[in-house]
There are 2 protein chains.
Amino acid sequence: MLSKQITGYLDHSSWIRKMFEAGGVLKAKYGEDNVYDFSLGNPDLPPPPVMAEAMRELADKAHEPFAFGYMPNFGYPDARRALANFVNAEQGVEVAETDVIITCGAAGGLNALFRAVLDPGDEVLGIAPYFVEYGFYTENHGGVFKAVPAKPDTFDIDFEALDAAINHHTRVVLINSPNNPTGKIYPAEQIAKLAELLRKKSSQFVKPIFLLADEPYRFLAYDGVKVPSVLDAYPYAVVGSSFSKNLALAGERVGYLVLSPSMPGKQELMSGLILANRILGYVNAPAIGQKLMMRALVSGTTVDASVYVERRAAMAKVLDDAGIGYFMPQGAFYFFPRVPDKFAGDDVAFCARLQEERILAVPGRGFGMPGYVRLAFCVDRKIIENSAPSFKAAAA
Amino acid sequence: MLSKQITGYLDHSSWIRKMFEAGGVLKAKYGEDNVYDFSLGNPDLPPPPVMAEAMRELADKAHEPFAFGYMPNFGYPDARRALANFVNAEQGVEVAETDVIITCGAAGGLNALFRAVLDPGDEVLGIAPYFVEYGFYTENHGGVFKAVPAKPDTFDIDFEALDAAINHHTRVVLINSPNNPTGKIYPAEQIAKLAELLRKKSSQFVKPIFLLADEPYRFLAYDGVKVPSVLDAYPYAVVGSSFSKNLALAGERVGYLVLSPSMPGKQELMSGLILANRILGYVNAPAIGQKLMMRALVSGTTVDASVYVERRAAMAKVLDDAGIGYFMPQGAFYFFPRVPDKFAGDDVAFCARLQEERILAVPGRGFGMPGYVRLAFCVDRKIIENSAPSFKAAAA
């Protein structure tokens, strides 16, 4: 029935499905509140109050022709303008509205970029651990995804390994900062070094290598750490992001791509992105989501993310008490601790043991880095605190 | 900057862009109301009143966590259920909710199907004239799009030509009824004959050939003509559709795919579609659009399409008076008249002449059938009526 590739994907992901099914069985048996589910990056903060207001305003105009009709494939012009202003304020750059395109979430944006620039066999290089969907997004468009492991424990970019991995097939280098699953934020020096490397390689291979920065967690950084902008650091930089987290619009699918204002030939790339947005069947980002986004951006409100500071501290305490070592996340809402020694690096075995204690976690191999597990702390603090004895038991 | 294929698409479509730009110049010069723009299939009916009500209800819950959050990749379970009920009532079939998936418009649905089933080099066969995006949707996923011309003037399926065109690469046969751009509705006998042909060919090539029916205009049929359902006619039938037209939700991107309830192995296909929906970056159909759709389906209301009956009559009269021959559309909102003899089949020349008279139309070659032009009559009746002298002048 299915293509060979999709059949392969389904076979390959059967272990994840089984894990989720096992989690469902646990919840059915013990009740939702008695299972400590850290497996899903499903942001649980309510939308900001401006959303209700915006919805009512849209309701008042819902009887008009074209109220929810087609608009240009790049989005409503005024929404595009508001987005450019937002990016400029957030990243300290000066992009024009013609440098941004509104997309069907960040996922739609990344797919549109890959559709626009990848020839068959072109490579996209990521840094492991990485969001598993990157591999699918690349292969959707005939590309080959390769990952260069980050340095252990600190999750810094391993420049020696990255330098060695870039070849004449490399079309895109993809970073994700704050990182899912590690919470790592690359400091400005690493971004500068990366830009320098990509300049050198672009020149060596006589074609621009794009730096794609996937930044849905940019708004969520702790301890005053800043997320440096790639847009002014490298001319072939593209930022992908979404309003899934900072506006709690995950299901409505609103995201964007921004091109570096100094990119040579950026009009051509934007034409390709607009075409890709259309022909991939997104056509345009959802009309209502765009209008909600615009309203929120103009009013300057987002979700109240302060609760994550407490959740992070609570999770750190739970792991400390269980003697589980970890990198303290600088952003996003994930811990990516090492598997305790007694599991000899077997992340699947550790997840199985956690599941016996009613804890749901995702093995690091799901992110291209075995030996770790991902714990998403976008859950109620009580769930985090109540999980302490279970973590202790599993790690003991 | 761009991939070879996307560069080719942009080069190839430059004539369409130029035509639209010329239209824009005309509007700037003469004013919007003095240009007779029949070039866009942009439905202009207002959403049904239930939409405003539904938006207000959603506003009342917009402060809740997950109000617009993630849901399963196939859509909200209750929206999926409402959709299955709607399809059953509309098509007189009995599909289960697990036979339907909510998609990012029909465009997202068609792309998801092609992603799920096409191996590289697999062919999708359409009937010309056809919606030009089909070619892109196919090539997005490594497929090859081929079109078999319909019979001239009646636009019936040419079964001899179709039989000859199906080979061991054929994976999908794609029909669109009511048709864009002709307004043709295939009668039940042709659907039965098509099913018979596909059964024979599937058996000959020892693999199922899918029949994909793209039906966004199903609700818009004239003179009591019925659009026969393909779902009970052929086991490997898939219906794609959207709520762009019947709920005026074109910009919000809500559509669906339905599998024939008698399809062997349909669970496997549905797994592939759900995966494709996710990895192509739609993730899920927009949350708010799904909820609006559900509300409208449960209440049983749609746009008031009765105005199209008058518009069709007005357009027919304009063409009659100008001596332009045409097939009377049985559904949808397009006329696809033949180019008058004096243009010797040159549809681009006729469109250029129409443009001199401030009429915007699309050459048939944009739909894989030169010698005709498409006129979209989803515009105010006054625009149709006022265009009469211009059509006369251009055709004289």
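The values are calculated or read from the model by the stated rules, or taken from the named source; none is laboratory data. Please read these numbers as outputs of a predicted model, since none were measured by experiment. Cβ sites come from the backbone with ideal geometry, for glycine too, and all protein chains shown count toward neighbours. These accessible areas exclude ligands, DNA and RNA; they are computed on the full protein's heavy atoms, side chains included. Shrake-Rupley method; radii C 1.70, N 1.55, O 1.52, S 1.80 Å.
Things to note:
Residues are listed down the side, and each one gets a yes or a no for (1) of a type in the set (Phe, Trp, Tyr); (2) open to solvent by 50 Å² or more (accessible area, probe 1.4 Å):
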position	(1), (2)
A:Tyr9	yes, no
A:Ile16	no, yes
A:Ser39	no, no
A:Val50	no, no
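- In the stretch A:64-78, the residues that are more than 10 Å from chain B (Cβ to nearest Cβ) form Cβ pairs under 7 Å with partners that are open to solvent by 10 Å² or more (accessible area, probe 1.4 Å), at six or more places apart or across chains, as follows: A:Asn73/A:Ile274; A:Asn73/A:Arg278; A:Asn73/A:Val283; A:Phe74/A:Arg80; A:Phe74/A:Ile274; A:Asp78/A:Met294.
- On the stretch given as the stretch B:340-374, residues that are open to solvent by less than 40 Å² (accessible area, probe 1.4 Å) and within 23 Å of the chain's Cα centre (by Cα) total 15.
- Subset of the stretch A:275-289 (residues that are out of contact with any Pro (no Cβ under 8 Å at 6 or more places or on another chain), assigned to a helix (DSSP H, G or I) and among the hydrophobic types (A, V, I, L, M, F, W, C)): A:Leu275, A:Ala276, A:Ile279, A:Ala287
- Within the stretch B:292-315, tally of residues that are buried (at least 17 other Cβ atoms within 10 Å of the Cβ), out of contact with any helix residue (DSSP H, G or I) (no Cβ under 7 Å at 6 or more places or on another chain) and at pLDDT 95 or above: 2
- B:Val35 meets the stated requirement of being touching a strand residue (DSSP E or B) at 6+ places or on another chain (Cβ under 7 Å), surrounded by 13 or more Cβ atoms within 10 Å (Cβ to Cβ) and β-branched (Val, Ile, Thr).
- Test: residue in the stretch B:116-130 that is of a type in the set (Val, Ile, Thr), within 12 Å of A:Ile279 (Cβ to Cβ) and more than 8 Å from every other protein chain (Cβ to nearest Cβ): no
- Members of the stretch A:320-347 that are assigned to a helix (DSSP H, G or I) and in contact with a helix residue (DSSP H, G or I) (Cβ under 7 Å, 6 or more places away or on another chain): A:Asp321, A:Ala322, A:Phe343, A:Asp347
- Filter result (at pLDDT 85 or above and part of a loop (DSSP other than H, G, I, E, B)) within the stretch A:1-40: A:Met1, A:Leu2, A:Ser3, A:Gly31, A:Val35, A:Phe38, A:Ser39, A:Leu40
- Any hit, the stretch B:201-220, residues being among the acidic types (Asp, Glu) and over 30 Å from B:Asp304 (Cβ atoms): no
- Any pair with Cβ under 6 angstrom, 6 or more apart, that starts in the stretch A:40-55 at a residue that is facing chain B (nearest Cβ under 7 Å) and ends at one that is surrounded by 19 or more Cβ atoms within 10 Å (Cβ to Cβ) and part of a helix (DSSP H, G or I): A:Met51/A:Leu292; A:Ala52/B:Ala59; A:Met55/B:Met55; A:Met55/B:Leu58; A:Met55/B:Ala59
- Candidates A:Leu125, A:Leu174, filtered to the one that is in contact with a Lys or Arg (Cβ under 9 Å, 6 or more places away or on another chain), open to solvent by less than 20 Å² (accessible area, probe 1.4 Å) and closer than 22 Å to A:Arg199 by Cα: A:Leu125
- The stretch A:198-232, residues that are open to solvent by less than 30 Å² (accessible area, probe 1.4 Å), assigned to a loop (DSSP other than H, G, I, E, B) and acidic (Asp, Glu): A:Glu215
- Residue match in the stretch A:233-248 (condition: part of a strand (DSSP E or B), away from chain B (no Cβ under 14 Å) and buried (at least 24 other Cβ atoms within 10 Å of the Cβ)): yes
- Test set (1) part of a helix (DSSP H, G or I); (2) out of contact with any Gly (no Cβ under 9 Å at 6 or more places or on another chain); (3) in contact (Cβ under 8 Å) with a residue 60 or more places away in the chain - B:Leu162 fails condition number: (3)
- Residues in the stretch B:86-115 that are closer than 19 Å to B:Ser262 by Cβ, in contact (Cβ under 8 Å) with a residue 24 or more places away in the chain and either within 11 Å of another protein chain (Cβ to nearest Cβ) or among the polar types (S, T, N, Q) (or both): B:Gln91, B:Thr98, B:Leu113.
- Criterion: outside any helix (DSSP H, G or I), closer than 29 Å to B:Gly109 by Cβ, touching a helix residue (DSSP H, G or I) at 6+ places or on another chain (Cβ under 8 Å) and open to solvent by less than 30 Å² (accessible area, probe 1.4 Å) - qualifying residue of B:Ala54, B:Ala62, B:Ala79: B:Ala62
- Per-region count, the stretch A:181-197, residues part of a helix (DSSP H, G or I), surrounded by 17 or more Cβ atoms within 10 Å (Cβ to Cβ) and under 22 Å from the mean Cα position of the chain (by Cα): 4
- Residue that is most open to solvent (accessible area, probe 1.4 Å) [pool: residues in the stretch B:136-161 that are at pLDDT 95 or above and more than 24 Å from B:Ala107 (Cα to Cα)]: B:Glu160
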